[in-house]
Structures are given as structure tokens and as C-alpha cells.
Amino acid sequence: MLIAEAVGQQYRETGWFGVLFTAILVSFLLINIQRAKMGKNLYIRRIAGLNAIDEAIGRATEMGRPVLMVPGLSDNVNAIAVQAINIFAYVSRLAARFANPILLCCYNAAVFTLAQEVIRDVYQEEGLLDRFDPDSVRFVSDRQFAFAAGVSGLILREQTAATFFLGEFYAEALIFAETANSIGAIQVASSTEATQTPFFIAACDYVLIGDEFYAASAYLTRQPVLVGSLVGQDWSKLLVIALILFGTIFNTITVQSKTTKAWDDDNGVYKDVSERQSDPKQSFIQQLATPFLPKMEVERPKDPEAEASSK
Amino acid sequence: MNGQKSLGEVLQSLPKQVLYIILIVFTSVPLFFPVKVPNQPLESSVDLYASLMAVKPGETVLFASDWTNSTRGESLGQFNSVMRILMRHNVNVVLYSTGDAQAPRVAQDAIAKLNEERIAAGQKEYKRWENFVSVGFFSNGEATINGMGTSVRSSFNGKKDFAPGRGLTDVYESPILKGREKVSDFPLLIVVTGSKTSNITVERLSGKVPIAFAVTGVMGPETGNFYQSQQIVGFASGLKGLYDLEGLMEDGVNNPDKSGNIAVKSSKYGPIPGFPGEKNDGQGKRYYPTLHFAVGLLILAVIIGNIGMFLSRAGGRK
Amino acid sequence: MYPLFTYDGIKVTCGVLATVGLYSVLYRENKFYRFFEHLFLGLAAGWTLLTIWVENLKGPWWDIMVGVPPEKAGDPIGNGNWAYILLLPLGLMGYMVFSKKHNWMSRIPIGIILGLWSGQQIQIWYNTYGKQIAGTAQPIWPTTWSSLTVPNYDKLQLAPDALAAAKSQVYLSQAITNFLFLVTVVCVLSYFLFSFDAKSKMVKSASSLGRYLLMIGFGAIFGSTVLMRFTLLIDRMYFIWIEWFNNIILNRH
Amino acid sequence: MNLFLQSKVPNFWAQPFNSQGIWMGVLGGLLVGILIFLGLMFMPAQFRRPVVAFCTFIGGAYWVLLYIFPAPIDLQKTEMPTGPVESIGKWLTDANPVVVSISGTVTAFMLGLGIFSLLSIHLKRISRRQKDWAYSVILLVSLVSMAFFGYADYISRQGPDGTKLDLQANWGFVNYGRDLLFDGLLQQMDAAMFSVIAFYILSAAYRAFRIRSIEATILLSTALLVILSLMGAVAFVWNDAVKNMANGNDFLMNFQLTEIAGWIRRTFETSSLRGIAFGVGIGALAMGLRIWLSLERTGGGA
């Protein structure tokens, strides 16, 4: 059988639904970005942790002590690090206006490069390039706990007044938070790792939970692209909820029927079993996620070049 | 404030250093007095054990060893237990790492120690190249693992290991990798990790090969999420998972002991034997009792703080 | 030989000193801590410097570029692909970040890395979450009222087929659990709806319920992760008291 | 011909090891690279953003295309793909190692920037005799010695006798040096710093876990229940008590500590994590899309 001749057969093992669903999410985002760009006024709810940023910087200025920022421990420059740097660009802008010293500690060299470039840009745009010290954006270490030791040391020696831990944080989250707490710094924190959030909640003043982190730049800057994207994200979430609800109802109904297919290990086929409730694991929605198709073998013409070289 | 603090305030503001010293005492003293703690394994640990035992002898599994000594307390024990099961079960292992550049060395050191133990017990040595190959470290984990979903061979392209008498040789020359091009050619992928490489693996390889994890306690909850949705077949989480595993190696599952008692029951599986009499316990047994004291202290501290709060509130109302 | 004066004794002693040095910050920041902090940072950076070549460039770049001698190569034969040299100037563009005039060039390699990352997000989204969406959609109405909770199968002593049939039923307790699971996912997710006016009563109550449910979740996460932190401390104490004090200083085994 | 496979037969792109051809190729490629570099340096400013956007787009497009055209099903090495869809899929699959090594290599080059930043800060501090400059000396000395011993150790392990060094008896000076610095110090400090968290958890829990609000009470009581269930001894005693009380009643058996905690974890922990994960995942997808298509400028400025 020439599998390639049938349209969509390339998704036999992975399922076509995933590609379609992702395409819908992407179009939601793009449509809303377009809507916002066209000047539609879109609403964003209040996010408490973000209002605290101005307060924190104000206090640092009063005390004349530096603001410390850590854009998380991403292994490479990725959206989380970029988002953190976007928020820090906002923080640095305020700090630059108040001539408040900043310290931005990076875990990854590529993130460091991006941060260096972005923060310099911020100072340049504000026309305050003379206030920018390239050493204030620094690479500390790319080893998790060396980084933790280095940043703790910095917090204690520089007696930072405000600290921002935004991004990917793991076990070291609590080391930073408790160290900063011990010198009475005001802290705004967020980890995209939900498992660290309770520790931040215990030790920090303001915590952005989960997705609030991604909403932050839209909330702070109100750029149409970001706001539009945020609305698109909400649409996507509603779609996910709708799919879950639809799946639940569908599943609840189908499982009432008294015939199901069960895998017969001896013969290697699915067989009908009548006395048994239909298995929720083989429900329609499960099959959308992973198609229940046996592996197939495909005969194709031989490639003479590859055959020759494999000998 | 005129001098004297009330009891409530004292209870609420114990100096940190005092707490720290008590914690050191609580985590040190019990280490000298090991005791056996009763235990009931979690379902996820049983599933991990069952999936390891389900691999047929002579097969080759993929093994991502992504831990280093910073999580030695949990990961080393887990690694040892999983390896002991595979070794005794005569399963070959392809070790690779995307978590840390040091991870391959740490894993090899651990295997060397296990080999000493095997030789001392009169068992066959678990040989490099014939029983396991170390593929080494990949600096770009996400892309490498993603690539493995398409072809393991092209992801391992250019990686070498020591072959006896030949020096560094392409890993795919090893007999245990013969004919295993795709990830689905392996019966199981095991990840022992102290970092988020487990998530990356699930995101990119789930559905293509059965995946089993041994993760640190912190990662337990998010791993449980994958387990619930059947993206992975089983996992051991933290010291509790390790202690479960050590117990399962002793007792097996649905496996009656000499007096006919079944220590671990599971309706999912038929009888799965254990390895009674062999060296099964390690770190889990050493540390688990002590953990009770440390956690007990934590609970006590929270209670004291709350009592202090209520006392000073009651005092404030007068 | 007294074990303290062997290599292993010295090595373990160094480790103990370093551990105590870093612990000293718990009392307060001090010179001893500062010494070990800088030692730590230096060693870590040295290790990074080493891995740049040994792990990240030698094999994945240099060997592919210039090839490897035939006796060392496996399959494919180690011909060199010289075009890989083009990655060198690309990587070096990052270093232009310190230039006042050409600092924009550092955005090119960053852009490539970010591009590769962002493309993957689109690729992996459904593989990560699709199954979780499906796993959330479980039946929320029981198929049988013969027992309210899952019966003890061992006691029933059924034939294999009947047992499988009994196991395939959805009992009331399971339906309730599935329903609570569904409610939690939906409410937590609606807590993260940002662009809907919270005046809508349904959204408001769903999201405040979501917050409470989140707290149950966070409590459980805290509970199940806190043990691990103590495990690592216990491991350190084992290292100090047993591996060092007992085995080396007291020379007991 | 496929550019992306390491060819067995030498061709224009692939030359044998240590041949004249490979060095000519490398040299030529380097020249081209330098020209591109210079060209970019003197490029008019209005082209800068399009160039960056183009590079980003190409990078992302690879994985997106691979998603739409996945590897052909059951395609053996010696078989030819049939039809355009499979051909694209095969071509993209073959390109995989190249794409992987591009991102890996570019990242590796950037790592040097981190070291550069460290050196610049600490050398400045030493030359200006700023506060704590002596510690900067320690940092630099340990950096250099780690790199030296590490590299010497690496070299000594190359070659056919490399496995011998797995045994400590065969070690030389450099092997001991690396082992002391890495295993003896660096790894131990990693573990030490990691375990410091235990102290901080204790003080944070003592300070912050107060029953002040409904939310805090919910959080605290769930945490307590789960902690207790994971302590084998406590769980055993509780479960035993329940078993005795239940006396064969299956319904009461559900009140075993491990059952309750397990139920909470399955029902609420997993689900709330999942709720968060859906949101974060969509956030990352949106961010990835905006970055891929260069819809926003990093830094939030103009």
C-alpha cells in the first residue's frame, strides 16, 4: 500500500487531531492579536503581584539600596527567560528614572547576552546610558547551586532592598527567598514550576501564580500585540475547557453502554466483549489524543544509493 | 515594648539559629540507630517495579541517567535499586544523559560500585560494551530527545564509548544496540533524574516507547500528573519511592513468602518474584527512619508558631 | 595507615570543610562562607570552561566538521563536513553585545536559538497536553448502583470474566472523584482567565472556588515535596557523621 | 543527494579526515563566514530587524514543518519515500542531527560569554583593589586549576587505554587533581548548598504557616495530611487502627491515612497542577508564536 497517497496518512501514528487543535489555538492567538492591533479596546483583570513592582522600586529608591533581579534558571534562552527579561526591562526603566542601582544575575550565558542587550537598550531609550553599568547585568554561574550560593552572597553583601525572582525556579527558590527575607527585602516572585509556588508563597511578599507570569508583560505595558495575545490565550483556555466538558459528557454517556473492545493478547487483536462496560480509556476523546491503531508495515521501492552504501 | 515578652510572642519568635541546631541534632542522632520502619508501597512504585520486571532478559533498555551528586540522597539510591533489578534480570542498558555533563561519570562510578558488590557475591560482572554502553552527555537535551523520537541512531550519531581492545568506538557498533534504530525498538525507557529532563522526555517521547521514572520527591507531583494520564507506566518518587522499591525487591508483588504471607498485594498483576536474600536495601533503609524525626520537627515548629499566635491574640484582646 | 592521611581521607575532609563552610551562612554572612562561595563559583566556572570544548564543541562540532580518522569512526564513516565552520562566526556574533555600535548583532544567534525553541513549542503542545485533556474527561455518572464504593475484589472471588466486568464498572465514589477532578481543573483554569470582566457572576465564583482548590493542591504539593528536602540534609549528615567522623576520624567500619 | 547525511562517499561538501580538501573547505568556509560577518556589521540599520526576524523564523519553521510533515511511517534506511509528503518528511528527518547540532553549537559558543563576564568583573576588581578583591583571586585561581586539571584528565582518558583509569590504582597526578577538585569539592558543595534548603524550609514554615485565613488553613491542613501519610511509621499506625475499627467493613477501610492522602493527591493535587499546566502551556505557546513570528520586541520598547 502506498501510504503517502492518502491525504493525512502521515499522522497515522500521531493522530491528525493534535495538528488541527494546535492550528486552532494558533489561529485564536493570531486573530486576537490582529483585533487588538486594529484598535479594539480589550480588558485585563487586576493582578495584585504586578502592582507591587512600583511599590518595591519606590522603597528601594527611598533606602538607596539596589534592586536585584533573577530571570530564572532556564537552561537556554527560552520564552520563560524572555518573558522575565521583558518584565525586568520594565523594572529597569523605572529604576533608571530614579537612578536606582540594579543587579541582574543570570544563570545562562545566552540569557545573559540577551539581558545585557535589552537592559542597555532600555537605558539608551531613556537617554540615561551614562547611568548604565555593564557589570550590573552579570553572569554568576551555570551550575544550579553555585548560582544559589553566589546570589545569596550578593543579596547579603549588597543588602538589596527589593528582589524579583521571575522565571523558571527549582529547588534554589527557597534559598533566595529566605535569604532575601532575612535582610527584610520586599520580594516579588513567580515560578512557572508549579511545584515551587508553595515555597514562594511561604517566603515572599507577592507571588504570581502560574499563568499570571505570562500575563505580566501585557498587563504592565498594555501593548496591543500582548493584550491581543492574552485574549487569544483566554479563548484557547475556553476551548480546552469546552473540549474537556464535551469529552466528559460524551464519555459518561458511552460508558453506560454494555459492549466494549478488549485487547486479546493471545491473538493480538481487539475483540468485542459484551458483558463489560465500555472502557473509558478507549473513549472517543482518548482516541483523539492517541489513535488506537496497530503498527503497520509499509513496502516501498528500494533506494539503490542507500543500498549500495550500506554494504 | 516594655521589657518582658509574653509567652505567645516568645513562641512566635524563636531565633532561627536555635531551630537550625535542633534540626541538625534531629537529623544526625537517628543515623547511628537504624531501625526498620513498616511500609506500604505506593501504586506508582509497584508499577515501576512491575514494568522493570516485565522486560525480558537479554533485551536492551534506554536509560537516561540525569542526576549528579547534588541529589545523591535520593537519586543514587534509586539508580542503584533500578540497576540492581536490571542486572539481576540480565537486561542490557544504554546509558545517556541530557541533564548534566557530569551525569555519565557519576553513573559509571555507581555501576563500578555495584559490580564490586556483584563480584563479591560471586555473580557475573556487568560488563561495559557487552551489557551496557555509556553514550555520554548531550548539551541540548530538548532537541536531542526530540530527535530520538524520530531516530535514536541519528541522535546518537558521533557518540563513542570504550570497546574492549578497540578504544573509543561508535556506540552503534556495540552488540546491544544492534538493530535498534528507533525508540520504539526498545522495550522501556527509564529516566532517573534530579532535574526536569523527565518532563522533556514525556513531552517528546510519550506514546512512542513505554517510559518509567525515578524522580526526586520534589518532582513527584508533576510526575504524578503524567502517571494519571498514562503517559508513563510507573515511577518512584523520592525517598519514599526508593524505600518502596527496596521493599519490593525483597518481597515481590503478590508473591507469597516462606510462611505463605503476601506482603504486597496488587490486583493489576500476577505474581512477580522478588530477590529475597540478596542485597536489596541501601540508602532508603538508612535514611527513611531519620526522615521521620526531621519531618516531626517541622510539624512541631508549625504547631508552636500557631500556638504562639493564638496566645498573643488572646492576650491582645484583654 | 590512619585513614585521614590517605587520599580518600583528605578528599572527604575537604568535602566536610566545604559543607561546613557553606552552612556557616545560616548563622550569618562571614569570611569563611565568602571563601567557599568564591571557591565554588570558580570551580563551577572552570568546569563550564572545560565542558565548552570537551562536551559541547569537540564532538558535536569539531569532529563533524573536520571528520575523524577512519579507525575511530563507526557508521557513518567520519568524513568532515566543512560547512560547519559557518557556525563559528555565527556564535561569535554573540560577543558583539559589548560593542556600543554593533551590539544588535548578538540578537542573531539568540534569534536562532529562540526560533528553534519557539517552533518546538508548537510541535510539542498537543503531545504534552492532549493526553491530559483526554485524561481529565472521565465519566461522572455511575454505571452501577450495586455498590456505592469500589468493592473489595479479593473478597468477591469472581471468575476472571466476571471480575473484569466488575472492574469495568464506574461506581458512585469514582464518579464523584472524577467530578471533583473535573471541577478542580476547570475552576483552576478559569482562575487564569484574565480578559473576562469578573462582574460575571459565574466566572467570579468559578475563579474564587478555583483559588481555594488551588490551595488544596499547593498544600498537597508542599506536603509531598517537603520530605525530599530533608532527605538531602540527612544525606549530608550521613556524609559528615558516618562517612567522615565514624569511618575516617574514628577509623571504624 | 542529501546534504544532511554525513556522506560515506566524499563529495564537495564532505571530505575525508585530514585531507587537503577538508582544510581547504574549512578555510574557504571561514572566509565566507568572515565576509558575512563584516557584511552584517556594515549593513544599513533598517535591515537589522528583518535579518533577526528572518533567522528566528527559519529556526522555528523547521520544527513546525516537522510537525506537519512527520517522519514517514516504517521507512527503512534502504527504502525510498513515496510521494511529496513522505519526501519532505524524510528530508526534514534527515536534517534533524544538523539542526540539533546547530543549536547546540551556537549555545556552546555563547557559554564563553558567561566566562568572559565573570573574568571581566573579577579582573577589574583585582586591578582596582576593590573591596573583597582577595576573594576574586580565589575565584580565578580555582577557575584556572579546575579547567587545567579537568582538561589534562580528559586528555589522559583518550586513547585505547582510557578505561584503565576507571581504576584508582592507575591514576596519575592530574587524575587525582581533577578528582579532588571535582568530586571532593565541587560536587560536595553542590550537595551542601542543596541541603541548606532543609533549614530554610523549617524557618519559613515556622514563620509563615499560620492559620490566618481560610486559604492558609486549607493549605496547611492538606500539607499536614500528606506529610503524615508519607511517613511510613505514622501511616502504618493509623492504618492499623482503622483496620481494627473497620473490622471487615470495606467502606471504613477507605479512611486509612494512605487512602485519604492518596485520594487528595489524585483528586486535587494532580488536577490543580494540571489546571496550572494548561494555562502555562498556552502561555508558552503564545509566547513561542510571538517570538517565532517576531510579533513583539524583547524588552517591550519601541
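Charges at C-beta only: +1 for Lys and Arg, -1 for Asp and Glu. How large is the resulting dipole of the stretch A:1-159 about its Cα centre, in Debye rounded to 20?
Dipole of the stretch A:1-159, to the nearest 20 debye: 520 debye.
Karplus couplings for the stretch B:110-117 from phi (6.51 cos²θ - 1.76 cosθ + 1.60, θ = phi - 60°), rounded to Hz, Gly and Pro as x?
5, 5, 4, 5, 5, 5, 4, 4
How many partner chain Cβ atoms sit within 10 Å of a residue's Cβ in peptide C:160-168, on average, as a whole number?
4
Can you list, largest first and rounded to whole Å, the semi-axes you get for the stretch C:203-253 by taking the square root of 5 times each eigenvalue of its Cα gyration tensor?
Working: eigenvalues 444, 6, 3 Å².
The three semi-axes for the stretch C:203-253 are 47, 5, 4 Å.
Taking θ = phi - 60°, what integer Hz values does the Karplus form 6.51 cos²θ - 1.76 cosθ + 1.60 yield along the stretch D:109-115, in sequence order, with x for Gly and Pro?
Using θ = phi - 60°, the values come out as 4, 5, 4, x, 4, x, 4 Hz.
Pull up all non-local amide H partners of B:Val264: gap of 5 or more, or a different chain, and H-to-H distance under 5 Å with H placed in the peptide plane.
So B:Val264 has HN proximity to B:Asn254, B:Asn255.
Go ahead and estimate [θ] at 222 nm for chain D from helices alone: -39,500 (n - 2.57) per DSSP H run with n ≥ 4, summed, over the residue count, rounded to 500.
Value at 222 nm, helices only: -23500 deg cm²/dmol.
Output the Cα-based Rg and Dmax of the stretch C:1-106 in Å, rounding Rg to one decimal and Dmax to a whole number.
22.4, 64
Of A:Met63, C:Met105, how do they rank once you tally other Cβ atoms within 10 Å and put the fewest first? Spell out each step's value before the answer.
Numbers: A:Met63 16, C:Met105 24.
Ranked by crowding around the Cβ, least crowded first: A:Met63, C:Met105.
Return C:Trp104, D:Trp63 ranked ascending by Cβ neighbour count within 10 Å, so the fewest neighbours appear first.
C:Trp104, D:Trp63
Let me check against my output: what whole-number percent is the relative contact order of the stretch C:138-253, with C-alpha pairs under 8 Å and at least 6 apart?
Worked out over the stretch C:138-253, it gives 21 percent.
Please work out how much length the chain gains when fully extended from B:Asp185 to B:Ala112, using 0.36 nm per residue of separation minus the C-alpha to C-alpha distance, in nm with one decimal. Each step should come with its number before you reach the end.
Working: separation 73, 0.36 × 73 = 26.28 nm, distance 2.75 nm.
Extra length from B:Asp185 to B:Ala112 when fully extended: 23.5 nm.
Tell me, what is the percent relative contact order of chain C, built from C-alpha pairs under 8 Å that lie six or more residues apart?
Working: 158 pairs, mean separation 40.6, N = 253.
For chain C, the relative contact order is 16 percent.
Under 18 Å between alpha carbons, and skipping anything fewer than 8 positions from B:Lys159 in its own chain: which lysines qualify?
Straight-line reach from B:Lys159, under 18 Å: B:Lys178, B:Lys182, C:Lys58, C:Lys72, D:Lys8.
Once you put a point 7 Å from the Cα of B:Ile303 and another 7 Å from the Cα of D:Asn249, both along the Cβ direction, what distance in nm separates them?
The answer from the label model is 2.8 nm.
Taking amide hydrogens as modeled 1.01 Å from N in the peptide plane, which residues meet the under 5 Å criterion relative to B:Leu188, leaving out close sequence neighbours?
Here the answer is B:Leu62, since their amide H atoms fall under 5 Å of that of B:Leu188.
Restricting to Cα pairs below 8 Å that are 6+ residues apart, what does the relative contact order work out to for the stretch C:38-171? Please round to a whole percent. Mind showing how you got there, number by number?
Details: 67 pairs, mean separation 16.3, N = 134.
With pairs under 8 Å counted, the relative contact order is 12 percent.
Quick one: the Cα spread of the stretch A:48-221 along its three principal axes, in angstroms, biggest first?
Projected onto its principal axes, the Cα set of the stretch A:48-221 covers 41, 33, 33 Å.
Given a Förster distance of 56 angstrom, what is the FRET efficiency for B:Gln40 paired with C:Lys100, based on the Cβ-Cβ distance and rounded to 0.05?
After rounding, the FRET efficiency stands at 0.30.
With the crude spin-label approximation of a point 7 Å out along Cα→Cβ, what separation in nm comes out for A:Glu158 versus D:Val51?
About 3.3 nm, to one decimal.
With 38 Å as the cut-off, how large is the P(r) tail for the protein assembly as shown, expressed as percent of Cα-Cα pairs?
Details: 359080 of 700336 pairs.
For the protein assembly as shown, the share of Cα pairs beyond 38 Å comes to 51 percent.
Let me know the Kirkwood hydrodynamic radius for the stretch D:212-302, please, with Cα pairs as the basis and the value in Å to one decimal.
16.7 Å
Grab chain A and count how many Lys pairs have their alpha-carbon atoms under 20 Å apart, sequence gap of 8 or more, or different chains.
9
Quick one: in chain C, what % of C-alpha pairs are over 29 Å apart?
70 percent
Give the aspartates and glutamates whose C-alpha is closer than 12 Å to that of B:Lys124, dropping any in the same chain fewer than 8 places away, or say none.
Straight-distance partners of B:Lys124: B:Glu116.
Neighbouring Cβ atoms within 10 Å as the yardstick, rank D:Ser272, B:Ser155, C:Ser146 fewest first.
Final ranking by Cβ density, sparse to dense: C:Ser146, B:Ser155, D:Ser272.
Under 17 Å Cα to Cα from B:Lys56, which aspartates and glutamates show up? Leave out anything in the same chain fewer than 8 places away.
A:Asp265, B:Asp47, B:Glu130, B:Asp185
Quick one: which residues, 5 or more positions from A:Leu104 or on another chain, have an amide H under 5 Å from its amide H? H modelled 1.01 Å from N in the peptide plane, none for Pro or chain starts.
The answer is A:Met69, A:Val137, A:Arg138.
Give, in nm to one decimal, the length gained when the segment between D:Lys124 and D:Arg212 is fully stretched (0.36 nm per residue of separation minus the Cα-Cα distance).
26.7 nm
Using alpha carbons only, how many degrees (0 to 90, rounded to 10) separate the axis of helix A:144-158 from the longest principal axis of chain A?
Tilt relative to chain A: about 20 degrees.
Can you work out the Karplus-derived ³J(HN,Hα) for every residue in the stretch B:34-43? Use 6.51 cos²θ - 1.76 cosθ + 1.60 with θ = phi - 60°, whole Hz, and x for glycine or proline.
Calculated HN-Hα couplings, in order: x, 10, 8, 9, x, 7, 10, x, 6, 4 Hz.
I need the peptides D:32-40, B:107-115, C:86-94, C:13-21 ranked by packing, meaning the mean over residues of other C-beta atoms within 10 angstrom, with the highest value on top.
C:86-94, C:13-21, B:107-115, D:32-40
Among A:Glu212, A:Glu62, A:Glu172, which one shows the biggest mean-square fluctuation in a GNM of chain A, springs joining Cα atoms closer than 10 Å?
Evaluated over chain A, the most mobile residue of the options is A:Glu62.
Quickly estimate the mean residue ellipticity at 222 nm for chain A, helices only: each DSSP H run with n ≥ 4 gives -39500 (n - 2.57), and the total goes over all residues, rounded to 500. Display every interim value, and only then the final one.
Values: 11 runs with 160 residues, N = 311.
The per-residue figure over chain A is -16500 deg cm²/dmol.
Return the FRET efficiency for the residue pair C:Asn247, D:Ile155: r is the Cβ-Cβ distance, R0 is 41 Å, and the value is rounded to the nearest 0.05. List each step's numbers first, then the result.
Numbers: r = 33 Å, r/R0 = 0.81.
Given R0 = 41 Å and the Cβ-Cβ separation, E is 0.80.
How much space per residue, in cubic angstrom, does the convex hull of the C-alpha atoms of the stretch D:34-105 take up?
On the way: hull volume 9.6 nm³, N = 72.
Given the Cα convex hull of the stretch D:34-105, per-residue volume reads 134 Å³.
If I take R0 = 60 Å and measure r between the Cβ atoms of C:Ala162 and A:Ala242 in this structure, what FRET efficiency does the formula 1/(1 + (r/R0)^6) give, to the nearest 0.05?
Once rounded, the FRET efficiency stands at 0.95.
Step by step: find N for chain D, compute 2.2 N^0.38 Å, then divide the Cα radius of gyration by it. What's the final number? Before the final figure, lay out the partial values.
Working: Rg = 29.8 Å, N = 302, 2.2 N^0.38 = 19.3 Å.
Cα Rg divided by the expected 2.2 N^0.38 Å: 1.55.
For helix B:141-150, what angle does its Cα long axis make with the longest principal axis of chain B, in degrees from 0 to 90 and rounded to 10?
It is inclined by approximately 40 degrees.
Give the whole-number value, in cubic angstrom per residue, of the convex hull volume spanned by the C-alpha atoms of chain A.
That works out to 249 Å³ per residue.
Quick one: Kirkwood hydrodynamic radius for the stretch B:39-281, alpha-carbon pairs, angstrom, one decimal?
Hydrodynamic radius (Kirkwood, Cα only) of the stretch B:39-281 equals 17.9 Å.
Read the figures in this text as sums done on the coordinates, not as results from a lab. These figures come from a predicted structure and were not determined experimentally. So basically every Cβ, Gly included, is an ideal-geometry build from the backbone, and we count neighbours across all protein chains shown.
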